[in-house]
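Participant: Below is the structure I would like to discuss, written out as structure tokens.
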Amino acid sequence: MLQVYLVRHGETEWNALRRIQGQSDSALTAKGQRQAQQVAERVKHMGITHIISSDLGRTRHTADIIARACGCDVLSDPRLRELDMGVLEMRDIDTLTLEEESWRAQLVNGTPDGRIPKGESMTELSLRMRASLDSCRELPAGSIPLLVSHGMALGCLISTVLGLPPYAERRLRLRNCSLSRMDFQQSPWLAPGWVVETAGDTSHLDMPALDEIQR
Ligand SMILES: O=C(O)[C@@H](CO)OP(=O)(O)O
């Protein structure tokens, strides 16, 4: 049975300041680097064979820390990037105008093809995340990959595997450096496919991590 581990990157400067990143980037804080070391300690004896990361800086830095502990190289997959949040990237979440807030709301209220201007829809996000997950099935037998990605991106992936709409990710709390796992199950009794083994586990972190809206 293929097991795929999923890690959200460590806390960043803009996570702590409540600024929207999307496909823009900010550096890991000291706390974020410590979180990455702690998740690395947790997984280093799990036989991870491949570390596959979004190509954004915050995920690459987290992946490099995990890779050093696991003795693996990091492969880059841009399909694991965070949702493109268009014109709202780099903005402070708390100072959006009513109109801007209404664009953001389209991501979470099920508006068909809803998106922030110049940004990406949740359906587009879920399709590219699912394609990245599915490509793990092409790795050699016995591989145990670990994917390093983002809060909305991983939430969207887990939600859609469960048969929920992509925006159900709002109902999942995936804190910085939380660990999740999906298995691809071939069973004569159950429909073959992806199964969520665990989501958002932070038991390896020694201090509370922010959730993605830092409340
Ligand atoms: O892009 C962001 O600001 C947040 C949104 O949830 O995602 P992440 O910190 O996981 O990249």
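The values are calculated or read from the model by the stated rules, or taken from the named source; none is laboratory data. As the structure is a prediction and not an experimental result, all values here were calculated from the model. Cβ placement follows ideal geometry from the backbone for every residue including glycine, while neighbour counts extend to all protein chains displayed. Heads up: the accessible areas ignore ligands, DNA and RNA and are worked out on the full protein's heavy atoms, side chains in. Shrake-Rupley method; radii C 1.70, N 1.55, O 1.52, S 1.80 Å.
Participant: Does any residue of segment 13-25 turn out to be farther than 13 Å from SER149 by Cβ, touching a helix residue (DSSP H, G or I) at 6+ places or on another chain (Cβ under 7 Å) and either more than 11 Å from the ligand (Cβ to nearest atom) or open to solvent by less than 10 Å² (accessible area, probe 1.4 Å) (or both)?
Facilitator: Within segment 13-25, not a single residue is farther than 13 Å from SER149 by Cβ, touching a helix residue (DSSP H, G or I) at 6+ places or on another chain (Cβ under 7 Å) and either more than 11 Å from the ligand (Cβ to nearest atom) or open to solvent by less than 10 Å² (accessible area, probe 1.4 Å) (or both).
Participant: Further, regarding this structure: Residues in segment 34-47: is at least one modelled with pLDDT of 95 or more, under 17 Å from the mean Cα position of the chain (by Cα), among the charged types (D, E, K, R) and open to solvent by 10 Å² or more (accessible area, probe 1.4 Å)?
Facilitator: Checking segment 34-47: not a single residue is modelled with pLDDT of 95 or more, under 17 Å from the mean Cα position of the chain (by Cα), among the charged types (D, E, K, R) and open to solvent by 10 Å² or more (accessible area, probe 1.4 Å).
Participant: Now, a different point. Name the residue, out of ARG170, ARG181, that is under 28 Å from ASP92 (Cβ atoms) and not acidic (Asp, Glu). Even if it seems obvious, please write down each step before you answer.
Facilitator: On the way: ARG181 fails: under 28 Å from ASP92 (Cβ atoms).
ARG170 is the lone residue from the list that is under 28 Å from ASP92 (Cβ atoms) and not acidic (Asp, Glu).
Participant: Out of (1) open to solvent by 10 Å² or more (accessible area, probe 1.4 Å); (2) in contact (Cβ under 8 Å) with a residue 24 or more places away in the chain; (3) closer than 29 Å to ALA67 by Cα, the odd one out for ALA141 is which?
Facilitator: (2)
Participant: Hand me the list of strands (runs of 3 or more DSSP E) wholly inside segment 109-215 holding 1 or more residues that are of a type in the set (Lys, Arg). Show your work before the answer.
Facilitator: On the way: elements: 145-149, 179-185, 193-201.
Passing ranges, in order: 179-185.
Participant: Turning to a different aspect of this structure: Which one is farthest from the chain's Cα centre (by Cα) among residues in segment 174-212 that are of a type in the set (Ser, Thr, Tyr) and closer than 21 Å to HIS45 by Cα?
Facilitator: If we filter segment 174-212 for residues that are of a type in the set (Ser, Thr, Tyr), which is where we start, we get 178, 180, 187, 198, 202-203.
Pick out the ones that are also closer than 21 Å to HIS45 by Cα and you get 178, 180, 198, 202-203.
Values: SER178: 9, SER180: 9, THR198: 14, THR202: 14, SER203: 17 Å.
Within segment 174-212, the match that is farthest from the chain's Cα centre (by Cα) is SER203.
Participant: So ALA168 clears everything in (1) among the aliphatic types (A, V, I, L, M); (2) in contact (Cβ under 8 Å) with a residue 24 or more places away in the chain; (3) in contact with a helix residue (DSSP H, G or I) (Cβ under 7 Å, 6 or more places away or on another chain) except one condition, right? Which one?
Facilitator: (2)
Participant: A follow-up question, please. Is there any pair with a first residue in segment 3-28 that is more than 21 Å from LEU205 (Cα to Cα) and hydrophobic (A, V, I, L, M, F, W, C) and a second that is more than 8 Å from the ligand (Cβ to nearest atom) and open to solvent by less than 10 Å² (accessible area, probe 1.4 Å) whose Cβ atoms are under 8 Å apart and which are 6 or more apart or on different chains, and what are they?
Facilitator: Taking only residues 6 or more apart or on different chains, the pairs are ILE20/LEU88.
Participant: For segment 66-87, enumerate the residues that are aliphatic (A, V, I, L, M), within 15 Å of the ligand (Cβ to nearest atom) and open to solvent by less than 30 Å² (accessible area, probe 1.4 Å). Give the steps one after another, and end with the answer.
Facilitator: Start the filter on segment 66-87 by keeping residues that are aliphatic (A, V, I, L, M), which leaves 66-67, 69, 74-75, 80, 83, 85, 87.
Pick out the ones that are also within 15 Å of the ligand (Cβ to nearest atom) and you get 80, 83, 85, 87.
Hits for segment 66-87 are LEU80, LEU83, MET85.
Participant: May I pose another question? Would you check which residues across segment 149-174 are farther than 18 Å from PHE184 by Cα, within 14 Å of the ligand (Cβ to nearest atom) and either open to solvent by less than 30 Å² (accessible area, probe 1.4 Å) or not hydrophobic (A, V, I, L, M, F, W, C) (or both) and list them?
Facilitator: SER149, HIS150, GLY151, MET152, ALA153, PRO166, TYR167, GLU169, ARG170, ARG171, ARG173, LEU174
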